[in-house]
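Data block below; observations after.
The values are calculated or read from the model by the stated rules, or taken from the named source; none is laboratory data. Remember, it's a predicted structure, so these values are computed and weren't measured experimentally. Here the Cβ is made from the backbone with ideal geometry for all residues, glycine too, and neighbour counts use every protein chain on show. Keep in mind that these areas ignore ligands, DNA and RNA; they rest on the heavy atoms of the full protein, side chains included. Shrake-Rupley method; radii C 1.70, N 1.55, O 1.52, S 1.80 Å.
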Amino acid sequence: MHKIMSKKKIAEDIYKIVLEAPAVAAKRKAGQFVVLRPEETSERIPLTIFDSDAGKGTITIIVQVVGKTTKKIALLEEGETLLDVAGPLGNPTHIERKGNIAVVGGGVGTAVAYPVAKAFREAGNDVIGIIGARTKELVILEDEMKAITSELLITTDDGSYGRKGFVTDALKEVIRKITVAEVLAVGPVPMMKAVCNLTKQHNIRTMVSLNPIMVDGTGMCGACRVTVAGKTRFTCVDGPEFDGHEVDFDELTKRLKGYSDMEKHYIGHKGCNLENKV
Amino acid sequence: MKERHDRQKIPEQKPSERINNFREVPFGYTEEIALKEASRCLECKKPMCVQGCPVNVPIPDFIKLVKHGKFVEAARKIKEANSLPAICGRVCPQEDQCEKLCVIGKKGKPVAIGALERFVADYEREKGDVIIPDMPPKTGRKVAVVGSGPAGLTVAGELAKKGHEVTIFEALHKPGGVLVYGIPEFRLPKKIVESEIDYVKKLGVKIIPNAVIGKSATVAELLEGEFDAVFIGSGAGAPKFMNIPGENCVGVFSANEYLTRSNLMKAYRFPEYDTPIPMGGIVAVVGGGNVAMDSARTALRLGAGKVMIIYRRSREEMPARIDEIHHAEEEGIEFHFLVNPVEFICDEYGKVKEAECIKMKLGEPDDSGRRRPVKIDGSEFSVKVDTVIIAIGNDPNPLIQKTTPGLEVNRWGNIISEKESGKTSIEGVYAGGDIVTGAATVIEAMGAGKIAAGAIHKFLMGEK
């Protein structure tokens, strides 16, 4: 049982939750995730570890309500418990000193981008942050990102906050101004695809963190398979980060929607505006 | 008393009924039937059946107790050699093991050893007569067991009975391994697995779920920490795919995923349980083993209009148990032999709609001794499908091997361990079950566990 130490709503249907998970907190590195199950009838939900505190034995997760199980998590209050937390799972991000790193987060993907950005920063890189959302109310983690980036650019599709446009517009500008050693992009599939199309033109290595449907999260079922460089890989054990220039995003999009007729199930934006543009 | 009986059949649910539910197919023997069946045993002086059993259950001894109506005592007699009789009575391939060697099987049908084992184990449990054997004093030695499947549970139970302190680390949220995520309810009810695991817990074994060794902690960390020895029984975890075009279409599953959704996550009770699974339509299962049968019969119970088994060899080469093939046939599953998919074709949404198949013929025998299937050129044809389940086996999950320097593996990635001890290349680290042998049976994993437990005990007590 894992007690919820604190819970804060950070946007519509998005919550920041600190929970007790000492074993995970002790081992966790940037880029890894946990699999959660709030109660006996729940699905196993993979969620990136946003932050951790080994001393207190806690981890922080950001949960967006997209289906029944995430709704159950969102309804839990401080002091209540989650049944299962397994992890840390997946490979940690390969962090080294590279120079200028552009970290791009779209929607709730910012929650996945943040820990990696923080680790890059701690390794002595200059991190430029770009976060995008459909509209002002959905811009999340601005303060957290600001604290670990040398510059933070914010875009909204409707121009209600930051600059009007897409994250790719802001990234174009950054690439024009400075030499970017590597890009990390996390967000809805169309956003990651658009970022990769852009960086490919500029020959900038781009990592993406994928969040396909998973079941066990330990390499046992293959639900999370993605095609990378023409080969099938399991996101849970081979990823979750892959070279974005090699990922088959169209296949990923289709696989993410595999259960949408049975349940509103997949993580990412519904009706991403960038999708129409790509 | 001298009346000769035929082998007693186990009463079971009618096919027309059972395809609509997930309840267990056989009902099991009644006391009366069990007595009749037990009377067929000749109590051989040199029982061949015992040699056929990977854990050497004292078969004539327990059957003798059955003959005298001492059903609880019979169950306890089995438990001297096997802590999981209710499971083995159900899923062991007795026809290839104990019953194959039964003397009366030479002329007629062998004694139904599996059915009797199951009967006494169920009897003991239902009468609430499960007792914990007298435990020896604590040795103060600690053993970590990785994985709570048949191998791990056996090692843990055996070592606990020797007075060692055992902790099992299970990656999933529920213990049992393949008994829980793999084998469906209608073949192995989960309440039986739970009560057998309960028994192992009552022996003093601690089980920690959600602990993914290789991630949560490494084998080296376990040894540096509180544990004196480690047993790895992590199973044959990674599903094999065919590596053909269209295999990542939506609606193409590994059997592991399909069965895990249904069994572990209880998707067959969706929406009471949150995990979804496709229900209905035309389902094709690729493969000819027990897992393929389990997948096909699960699909049928989930409401499929038609379920096909597609197998590249012929009926004779099928690795599935005869009983399982028979059950599947009775339930109306179609068998397509000497056929293999070459491509899956999806619709505009990425959902699988057709399996392009090719006919096969049998050529020369291969390494496995079975005749190798060869494509017949120009024999391609296509089959309409809504769901495809790939059940062609598993590769070892590399999580532990990758994070344990010095642990020797073979070219397929299976951990190398000595057959007679389970010893690996690292001192104090033992391994057994599917992670060593590749996918095999529950009882073989238990056999390996029992052997390893003996070796670990000697190691812990400083014996050679």
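Residues that are touching a helix residue (DSSP H, G or I) at 6+ places or on another chain (Cβ under 8 Å) and within 14 Å of chain B (Cβ to nearest Cβ) were ranked within segment A:58-75; the one that is most open to solvent (accessible area, probe 1.4 Å) is A:Val65.
Consider A:Ala119 carefully, then state whether it is in contact (Cβ under 8 Å) with a residue 12 or more places away in the chain, surrounded by 16 or more Cβ atoms within 10 Å (Cβ to Cβ) and in contact with a helix residue (DSSP H, G or I) (Cβ under 7 Å, 6 or more places away or on another chain). Criteria not met by A:Ala119. On the stretch given as segment B:269-286, residues that are closer than 23 Å to A:Met214 by Cβ and either at pLDDT 95 or above or crowded, with 23+ Cβ neighbours inside 10 Å (or both) total 7.
In segment B:200-228, the residues that are within 22 Å of B:Met461 (Cα to Cα) form Cβ pairs under 7 Å with partners that are open to solvent by 20 Å² or more (accessible area, probe 1.4 Å) and not in a loop (DSSP other than H, G, I, E, B), at six or more places apart or across chains, as follows: B:Leu203/B:Lys161; B:Glu226/B:Lys142; B:Phe227/B:Lys142; B:Asp228/B:Lys142. Listed by position, the helices (runs of 4 or more DSSP H) enclosed by segment B:72-127 that each have at least 1 residues that are more than 21 Å from the chain's Cα centre (by Cα) and within 23 Å of B:Glu158 (Cα to Cα) are B:113-126. Within segment A:52-73, at least one residue is within 28 Å of A:Thr155 (Cα to Cα), small (Gly, Ala, Ser), assigned to a loop (DSSP other than H, G, I, E, B) and at pLDDT below 95. At least 2 residues being more than 19 Å from B:Leu179 (Cα to Cα) is the threshold, and among the helices (runs of 4 or more DSSP H) wholly inside segment B:189-292 those reaching it are B:219-224.
Restricting segment B:398-423 to residues that are open to solvent by 20 Å² or more (accessible area, probe 1.4 Å) and outside any loop (DSSP other than H, G, I, E, B), the residue that is farthest from the other protein chains (Cβ to nearest Cβ) is B:Lys423.
If we scan segment B:386-397, do we find a residue that is away from chain A (no Cβ under 14 Å), assigned to a strand (DSSP E or B) and at pLDDT 95 or above? Scanning segment B:386-397, I find no residue that is away from chain A (no Cβ under 14 Å), assigned to a strand (DSSP E or B) and at pLDDT 95 or above, so the answer is no.
Go through segment A:216-256 and give me each residue that's in a helix (DSSP H, G or I), at the interface with chain B (Cβ under 10 Å from one of its Cβ atoms), open to solvent by 30 Å² or more (accessible area, probe 1.4 Å) and not acidic (Asp, Glu). Those that are in a helix (DSSP H, G or I), at the interface with chain B (Cβ under 10 Å from one of its Cβ atoms), open to solvent by 30 Å² or more (accessible area, probe 1.4 Å) and not acidic (Asp, Glu): A:Thr253, A:Lys254, A:Arg255. Criterion first (surrounded by fewer than 19 Cβ atoms within 10 Å (Cβ to Cβ), free of Cβ contacts under 8 Å to residues at least 24 places away in the same chain and within 12 Å of chain A (Cβ to nearest Cβ)) does B:Asn243 satisfy it? For B:Asn243, the condition - surrounded by fewer than 19 Cβ atoms within 10 Å (Cβ to Cβ), free of Cβ contacts under 8 Å to residues at least 24 places away in the same chain and within 12 Å of chain A (Cβ to nearest Cβ) - is met. Filtered by the rule that a residue be closer than 16 Å to B:Phe22 by Cα and touching a strand residue (DSSP E or B) at 6+ places or on another chain (Cβ under 6 Å), segment B:229-276 gives a lone residue, B:Tyr258. Of all residues in segment A:84-98, at least one satisfies being within 17 Å of the chain's Cα centre (by Cα), among the aliphatic types (A, V, I, L, M) and within 19 Å of A:Leu36 (Cβ to Cβ).
Is one or more of the residues making up segment A:172-179 within 20 Å of A:Ser209 (Cα to Cα), open to solvent by 10 Å² or more (accessible area, probe 1.4 Å) and not assigned by TED's automatic domain parsing to the domain that holds A:Asp248?
No, that holds for no residue.
Residues that are within 14 Å of the chain's Cα centre (by Cα) and open to solvent by less than 10 Å² (accessible area, probe 1.4 Å) occur in segment A:45-52; there is at least one.
Selection of segment B:125-184 for residues being under 20 Å from B:Thr441 (Cα atoms), hydroxyl-bearing (Ser, Thr, Tyr) and within 14 Å of chain A (Cβ to nearest Cβ) yields B:Ser148, B:Tyr181.
Does B:Gly163 qualify as being buried (at least 18 other Cβ atoms within 10 Å of the Cβ), outside any strand (DSSP E or B) and touching a residue at least 12 places away in the same chain (Cβ under 8 Å)?
On the way: buried (at least 18 other Cβ atoms within 10 Å of the Cβ): no; outside any strand (DSSP E or B): yes; touching a residue at least 12 places away in the same chain (Cβ under 8 Å): yes.
Taking the combined requirement at face value, the residue does not satisfy it.
For every residue, the table says whether it meets (1) more than 14 Å from chain A (Cβ to nearest Cβ); (2) open to solvent by less than 20 Å² (accessible area, probe 1.4 Å); (3) of a type in the set (Lys, Arg); (4) under 23 Å from the mean Cα position of the chain (by Cα).
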position	(1), (2), (3), (4)
B:Ile207	no, no, no, yes
B:Gly225	no, no, no, no
B:Cys249	no, yes, no, no
B:Leu264	no, yes, no, yes
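Of the numbered criteria (1) farther than 26 Å from B:Lys174 by Cβ; (2) among the aliphatic types (A, V, I, L, M); (3) more than 9 Å from chain A (Cβ to nearest Cβ), the one B:Met293 fails is (1). Looking across segment B:360-370, the residues that are touching a Lys or Arg at 6+ places or on another chain (Cβ under 8 Å), in a strand (DSSP E or B) and either open to solvent by 50 Å² or more (accessible area, probe 1.4 Å) or in contact (Cβ under 8 Å) with a residue 12 or more places away in the chain (or both) come down to B:Met360, B:Leu362, B:Glu364, B:Pro365. Considering only residues of segment A:133-150 that are in contact with a Ser or Thr (Cβ under 9 Å, 6 or more places away or on another chain) and of a type in the set (Lys, Arg), which is least open to solvent (accessible area, probe 1.4 Å)? So, considering only residues that are in contact with a Ser or Thr (Cβ under 9 Å, 6 or more places away or on another chain) and of a type in the set (Lys, Arg), the one least open to solvent (accessible area, probe 1.4 Å) is A:Arg134.
Would you confirm, using the coordinates I've provided, whether B:Glu329 is away from chain A (no Cβ under 13 Å) and either at pLDDT below 95 or open to solvent by 10 Å² or more (accessible area, probe 1.4 Å) (or both)? Spelling it out, B:Glu329 is indeed away from chain A (no Cβ under 13 Å) and either at pLDDT below 95 or open to solvent by 10 Å² or more (accessible area, probe 1.4 Å) (or both). Per the listing A:Glu78, A:Glu96, the residue uniquely in a loop (DSSP other than H, G, I, E, B), under 27 Å from A:Lys193 (Cα atoms) and away from chain B (no Cβ under 14 Å) is A:Glu96. Restricted to segment B:424-464, and to residues there that are in contact with a Ser or Thr (Cβ under 6 Å, 6 or more places away or on another chain) and assigned to a helix (DSSP H, G or I), the residue that is most open to solvent (accessible area, probe 1.4 Å) is B:Lys450. Here B:Val436 fulfils each of the conditions (1) within 14 Å of chain A (Cβ to nearest Cβ); (2) in contact with a helix residue (DSSP H, G or I) (Cβ under 8 Å, 6 or more places away or on another chain); (3) closer than 18 Å to B:Val146 by Cα apart from (1). Of all the listed residues (B:Arg90, B:Arg23, B:Arg4), the sole one being in contact (Cβ under 8 Å) with a residue 60 or more places away in the chain and surrounded by fewer than 18 Cβ atoms within 10 Å (Cβ to Cβ) is B:Arg23. Looking only at segment B:251-262, residues that are facing another protein chain (nearest Cβ under 7 Å) and not small (Gly, Ala, Ser) come to 4 in all.
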